[in-house]
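Worksheet: one structure, shown below.
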Amino acid sequence: MTNWKSICNLTGYYTSPVLTIPLVCDGALSKISWISSIDHEDRVIVQSRLSQDGFNWSEWRECTNNGSIPEINENTYMNNLKIMIRIIVDAKDHLVPPTIQNSILFYFEPVIVFNNKGNVNCKPEVWITKVDNGSLSIINTSRNNDEFKFNDLVDKEVIYVNNDREDIQSSNAITYRYKDFNDNYLNFPPGMNILKIDGKAKIKFKYQFGLLQ
């Protein structure tokens, strides 16, 4: 819609091409940030919208600088999700327009959502297949960042942990990983447990929810 400010070149729009977020996960912690150069009467508005298929899009939603991206959270299933960005510039003086400096930055940290549907704590069995040498942490952000951690694992090594029995086994011969473990076994309370993974690995859980009558 044309208005007086757009005729005077005081309002402008930029819409990005379709961008694909290269993640396949239960959800993600996200952040969007930018640096703008504006007078106190000028405005730079950044908006985003999402699509699972590239055809059906959500409504444009305003972003907060250094805040999370609207509609992306730990419960947003992500399978190469599509995103578009729109920038609206509203200036008081067409000779000195507000600007976005450098670029808009996105941050995504994939998470695993473990929904304990029982009414008692769940201590799952877990298989960890390490990718590259190094450490591996599972951090429960819903439980004060409670951390389950192994150090000095080897590429392609498979670690089996029975968290209920506190039993640890390694696929590598004559290898005992108790000394490389922080002795903090997985123990998920009822409800949603949002897990961050620090390190590269393939992780598989086996569990049964417990119910107390």
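The values are calculated or read from the model by the stated rules, or taken from the named source; none is laboratory data. Model, not experiment: these values are computed from the prediction. A quick note on method: Cβ atoms are made from the backbone with ideal geometry, for glycine too, and the neighbour counts reach across all protein chains shown.
Details
- Residue within region 191-210 that is part of a strand (DSSP E or B) and small (Gly, Ala, Ser) present: yes
- Just so you know, in region 166-211 the residues that are β-branched (Val, Ile, Thr) and more than 24 Å from Val113 (Cα to Cα) include one that is farthest from the chain's Cα centre (by Cα), and it is Ile174.
- Boolean, Ile128 is among the hydrophobic types (A, V, I, L, M, F, W, C), farther than 28 Å from Gln213 by Cα, in contact with a Phe, Trp or Tyr (Cβ under 8 Å, 6 or more places away or on another chain) and in a strand (DSSP E or B): yes
- Filter result (at pLDDT below 85 and surrounded by 15 or more Cβ atoms within 10 Å (Cβ to Cβ)) within region 25-42: Ser36, Ile38, Asp42
- Checked against (1) within 24 Å of Ile112 (Cβ to Cβ); (2) without any contact (Cβ under 8 Å) to a residue 24 or more places away in the chain; (3) among the polar types (S, T, N, Q), Thr20 meets all criteria but (2).
- Exactly one residue out of Ser137, Ser142 is modelled with pLDDT of 95 or more, of a type in the set (Gly, Ala, Ser) and either closer than 22 Å to Lys206 by Cβ or not in a strand (DSSP E or B) (or both): that is Ser137.
- Test: residue in region 126-142 that is under 21 Å from Leu19 (Cβ atoms), surrounded by fewer than 18 Cβ atoms within 10 Å (Cβ to Cβ) and free of Cβ contacts under 8 Å to residues at least 24 places away in the same chain: no
- Contact map, region 186-206: first residue surrounded by 17 or more Cβ atoms within 10 Å (Cβ to Cβ), second residue of a type in the set (Lys, Arg) and in a strand (DSSP E or B), Cβ cut-off under 9 Å, separation 6 or more or different chains; pairs are Gly199/Lys130; Gly199/Lys149; Ala201/Lys130.
- All positions within region 181-213 that are more than 20 Å from Ser135 (Cβ to Cβ) and touching a helix residue (DSSP H, G or I) at 6+ places or on another chain (Cβ under 7 Å): Pro189, Met192, Asn193, Ile194
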